[in-house]
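Q: Please read through the structure below; I'll follow up with questions.
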Amino acid sequence: MDGSGSLAGAAAGHRAPRALLAAVVLVSASGLMFELALTRIFSATIWYHYAFVAISVALFGWGLGGFFVYLLGLSRFGRHAQKLLAVLSIVLAVVLPLFPYGILQFPFSPERMNFYFMLSLAPFFVGGAVLSLAFESHGRDVNRLYFADLVGAAAGTLVVPVVLSLLGAETTVMAIAVLPALAAVILAATSRPKRAKVLTAVAVVVLAGNIGLAVWNLQTQTLNIRDGSDKALYKLLAAHPEARIESDEWNAYSRITSVSGFDDTHAVRLFIDSDAETSVLKWDGTAEGLADGMEWFRAFPFRIASEPRVLVIGPGGGTDVVLSLVAGSPKVTAVEMNPLIVNRVRQLGAAAGNLYDHPKVELVMDEGRNFIQRTDRKFDLIILGFVDSWASVASGGLSLTENYLYTREAIEAYYDHLSDRGALVIVRWPTDVPRLVANSVDFLTDRGLSVAEVGQRILAVAKTKPQGEEPVETVFMLARSPIEPAKIDAMLAGHGEAHVFYGPGRPSDQPYQDLFEGTIDFPRYTESFDKLATPVNDNHPFFFATDKPYGVPDFAVRLLTAPVTGVMGFAVVLLAGGRVFGFRAPGGRTLLYFAGLGVGFIVCEVALIQRLILLLGHPIYTLVVILFTLLLAGSLGSFHARRYPAERIGSALGRIIPILVVLIVIAAFALPAIVQATLALPLAARIGLTAALVFPFGFLMGMPFPLGLRHSAQDERGAPVSALWGVNGAASVIGSIAGMVLAVAAGFTWVFLAGAACYAVSWLARPR
C-alpha cells in the first residue's frame, strides 16, 4: 500500500473547490476557538499554571491527525475524499460537546491529569485529520487552503472573547461544535455523486442538535463545570456549609464566582478561577461605617501621611479602596482591569457602600503598568494588594508566571510617581520579600544611592498567626524618603505581634540586615535564599518563578518529556515507514525543514505575545490584536506565495527565510526599547503600532510552510502532505513548551534568538 494516494493524480492537481475552502475556514475557526476556550477551562478546573498546556495539547492533536491520515493512507479515497471530510467533520461536531460533559462527570484531581489531557486531545485530533486530508487531496492548491486555514483561525481569535463573555466556557464549547457541523453540511451537500443525500441529512441533524444543545445549556446551565476539592473555593464551601454561590460568570480571561453567607464582615467573596480571592466589605460608605478599619494590620501604611492621595492598582473587591477612604483620603484612584469584578461590586450597591460610584473614588478600567506610564500625577501611597490574576489569559501565549507588575521597571515607575512623603506598598507573602528587596536595590543603586541608603527606605513587616505560627500577610514598603524609626513605631503601634523582616533601626532578619549594613554584597544576598531572589525585569518578568537553578518549575520539565519522546517516536516511524510499512516517508532533510518551521513559528508567536502584552496592557486587546494580526498576515503571506511557480519555490525560500531570520533577530533587541518608548501612547495608537509590528512577522511566517507542502505535492518523490503536516504539528508541541522553559530560564531575548535559529535550520534544509 502506498500512503501517498492520489497526490500525483487528479484530485491533487485540481484547485480546491469553494465548498472545501469554506469548510477549512469553519474547522480551523472551531479549532482555534476550542484551544483558547481550553486555556480558560484548564485555568478554572486545574491550576492557572497548566493553562499553557492547552496550546501543546492543540498542536499535538493537529499533528496526530495528520499522522492518522498518512498512516492509514486516507488520501487513496481520491474523488470520495470530500465525503470522507464530511464524515470526519460530523465526528468532530459530535466529539466537541462531549468535552464539557466529560469534565463534568470527572472533576479534576491530580490522578486524572492524563485523562483530562486525552479528553482534550480528541477534538484536535479529529480536526487535524480533517485539515490534513483537505491539504492532501488538493496538494497543489495548498497556498489557498493554508490561506483559508489561517483566515478561519484569525476569525476564531476575533470571536472567542465575545462568545466566552456571553455564553461561558461550557456553552461556548457547545456553540463551537456548530462550526464543524456546518462544514459537514456544506461538504456533504456539494459532494458527488448524489448518494451523499443521506450524509447531508445526518450532517443537518447534527447541526440542529448542536444548536439545540447550546441553547438548552445556555438557558438551564445543566452542564456547569465544577472543580476538584483542591481549589480554594471548594475548600471554603466544604468548611462553611452555610455559604452559597450567588453567581458564576466568565469572560475571556477569568471566571468570577461570587460567594456569600459565611460571615458578617463581607458582603461577598469573589473567587478568580476558583482560587484567587478578593473580598467585598460590608460598608455604608462612611468613615464611621468601618470604625475599626485603621486597626487592621494591612492598614498601618496609611499612617505614613495624613489625608493621603492614593492609587490602588488591582483593587478587586475594593478592600484597599475602603481603607483609603476611612484613612481620610480626599481622592482614591482605583485601576482595575476586570469588568466582571467591577460589575459585581456595583450590583451590591449600598451593601458595599456604592464603592465604585463613590464621589471620592476615581475608577479607571485599565492595566496598572499602562496607567502609571501615562499619568503625570504624584501619589502619597501606591498600593498593590495581592495583585495576581491566578488565571490564564486566553491568548494562546501567556504562560505560567509572568507578571509585569513586579518587575524592576515597574517598581521604578511606581517610585517615580510618589510624592516626597509617599511610599509604594505591596501586600504579598513572606516568600516574595527577597525579590521585592532585590528589585528595589537593583534600580536605586543604579541611580546613585548606596545599598545602606536604599535600606533606609525599605520596611517589610508580616502579620503573625496566633500561637507562634509562620507569618502570613506581608506588607512591603518602599518610601521616597528615608523612614525614621519613630515613624515606624507610630505606624506599627498596636501591632506588637508583627514580624519585622527588615526596618531601619529595627532588629531585622538575615540576610537583609547584613545586606544593608554592608556585611555581605548584593550577589551574596541573592544567593542566600533557598529560592531564587535575583531581580526580574521586563525581559524576564517571571517574578514567581523561583525554583533553583533557573526558575523553571519541575512540572514544566516533566511536561516537556512526553511530547519530546512522542515526536522522536513519530520521527522514527516516518524514517522507517518506507521499509516497514511501505509508505513514502519523508527524508531527513524534509523532516528537519518542517520540524524547524513548526518549532520556529510557535516560539516566535509566543515571544511576540509575551513581549507585546506589556504594550497593550489589557489581555483582551492582546488576544485580538496580536493573534488576529499574526494569523491574518500569515494567511495573506500564504496567498501571496501562490504566485511562485514550482521551479522557483527553492529560490524563493532561499530569500524569504533569511529576511525572516534577520527580522526576528532585530526584534529580539529592538522591541524592548520600542515598547518602553511607546507605553504612554493612547490606546488606539498602541493598537495600531502593535498591528504594524506584528504584521511583517505573520506575512513572512505564512509562506515557508505552504511553499514546502506544495513543493512536496508536485514532486513525484515528495513525501505525502499529511505526513509533513504531522511533522510540523508535532514539532510545534516541543516549541510551545520549550519556548516557555527558555523564557523562564533566560528571558524573551533568547526565545527570539531560538526562533531565529530554528528558521535558520529550515533554511539550510529547504527544498532545492
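The values are calculated or read from the model by the stated rules, or taken from the named source; none is laboratory data. Since the model is a prediction, treat every value here as computed from it, not as a measurement. Please note: Cβ atoms are built from the backbone with ideal geometry, for glycine as well, and neighbour counts cover all protein chains shown.
Q: Among the numbered conditions (1) assigned to a helix (DSSP H, G or I); (2) modelled with pLDDT under 95, tell me where ALA438 comes up short.
A: (2)
Q: Something else now. Looking at LEU38, LEU72, which is the one that is in the same structural domain as PRO123 (by TED's automatic domain parsing), over 17 Å from VAL173 (Cβ atoms) and at pLDDT 75 or above? Can you show your working first?
A: Values: LEU38 fails: over 17 Å from VAL173 (Cβ atoms).
Just a single option satisfies the conditions, and that option is LEU72.
Q: Something else: Need a quick list: helices (runs of 4 or more DSSP H) entirely within segment 642-751 having at least 1 residues that are within 30 Å of LYS548 (Cβ to Cβ).
A: 649-678, 721-746
Q: Answer yes or no: is there a residue in segment 90-108 that is modelled with pLDDT of 70 or more, outside any helix (DSSP H, G or I), surrounded by 20 or more Cβ atoms within 10 Å (Cβ to Cβ) and in the same structural domain as LEU164 (by TED's automatic domain parsing).
A: no
Q: Just give me the residues in segment 524-547 being more than 20 Å from TYR404 (Cβ to Cβ) and at pLDDT 90 or above, in sequence order.
A: ARG524, TYR525, THR526, GLU527, SER528, PHE529, ASP530, LYS531
Q: Would you mind telling me which numbered condition in (1) more than 25 Å from the chain's Cα centre (by Cα); (2) more than 20 Å from ALA607 (Cβ to Cβ) GLY726 fails?
A: Answer for GLY726: the failing condition is (1).
Q: Among what's in segment 109-139 and is over 30 Å from ARG15 (Cβ atoms) and modelled with pLDDT of 85 or more, pick the residue that is farthest from the chain's Cα centre (by Cα).
A: ALA122
Q: Another question about this same structure. Show the residue pairs meeting these rules: Cβ distance below 6 Å; 6+ apart or different chains; first residue within segment 13-32 and at pLDDT 90 or above; second residue assigned to a loop (DSSP other than H, G, I, E, B).
A: That search, which allows pairs on different chains as well, returns ALA19/THR190.
Q: Quick one: is VAL198 at pLDDT 90 or above, β-branched (Val, Ile, Thr) and over 22 Å from the mean Cα position of the chain (by Cα)?
A: no
Q: Could you please tell me which pairs satisfy a Cβ distance under 7 Å, a separation of 6+ or placement on different chains, a first residue in segment 286-305 that is assigned to a loop (DSSP other than H, G, I, E, B), and a second residue that is of a type outside the set (S, T, N, Q) and modelled with pLDDT of 90 or more?
A: Pairs found: ALA305/ASP380; ALA305/ARG421.
Q: Taking the stated definitions as given, is GLN373 surrounded by fewer than 16 Cβ atoms within 10 Å (Cβ to Cβ), in a helix (DSSP H, G or I) and polar (S, T, N, Q)?
A: So GLN373 does not fit the description; no.
Q: Hey, can you tell me all the residues within segment 332-370 that are of a type in the set (Ser, Thr, Tyr) and either buried (at least 23 other Cβ atoms within 10 Å of the Cβ) or touching a Ser or Thr at 6+ places or on another chain (Cβ under 9 Å) (or both)?
A: The one that is of a type in the set (Ser, Thr, Tyr) and either buried (at least 23 other Cβ atoms within 10 Å of the Cβ) or touching a Ser or Thr at 6+ places or on another chain (Cβ under 9 Å) (or both): THR333.
Q: Here's a follow-up. Of all the residues that make up segment 212-231, how many are at pLDDT 80 or above and small (Gly, Ala, Ser)?
A: Number of matching residues: 2.
Q: Quick one: in segment 422-461, of everything that is within 16 Å of PRO504 (Cβ to Cβ) and charged (D, E, K, R), which residue is surrounded by the fewest Cβ atoms within 10 Å (Cβ to Cβ)?
A: Across segment 422-461, the extreme among qualifying residues is GLU453.
Q: Six or more apart or on different chains, Cβ under 8 Å: which pairs go from a residue in segment 405-421 that's closer than 11 Å to ALA479 by Cα and basic (Lys, Arg) to one that's outside any helix (DSSP H, G or I) and at pLDDT 95 or above? Could you list them?
A: ARG421/ASP380; ARG421/ARG480; ARG421/SER481
Q: Can you spot a residue in segment 163-183 that is assigned by TED's automatic domain parsing to the domain that holds ALA134, over 30 Å from THR622 (Cβ atoms) and among the small types (Gly, Ala, Ser)? Outline the logic, then answer.
A: Initial filter on segment 163-183 (assigned by TED's automatic domain parsing to the domain that holds ALA134): 163-183.
Now drop any that are not over 30 Å from THR622 (Cβ atoms), which leaves 181.
This time we only want the ones that are among the small types (Gly, Ala, Ser), so: 181.
Yes, some residue in segment 163-183 is assigned by TED's automatic domain parsing to the domain that holds ALA134, over 30 Å from THR622 (Cβ atoms) and among the small types (Gly, Ala, Ser).
Q: Consider segment 617-640. How many of its residues are aliphatic (A, V, I, L, M), at pLDDT below 90 and surrounded by fewer than 24 Cβ atoms within 10 Å (Cβ to Cβ)?
A: 2
Q: When you check PRO180 against the structure, is it closer than 28 Å to SER30 by Cα and modelled with pLDDT of 85 or more, yes or no?
A: yes
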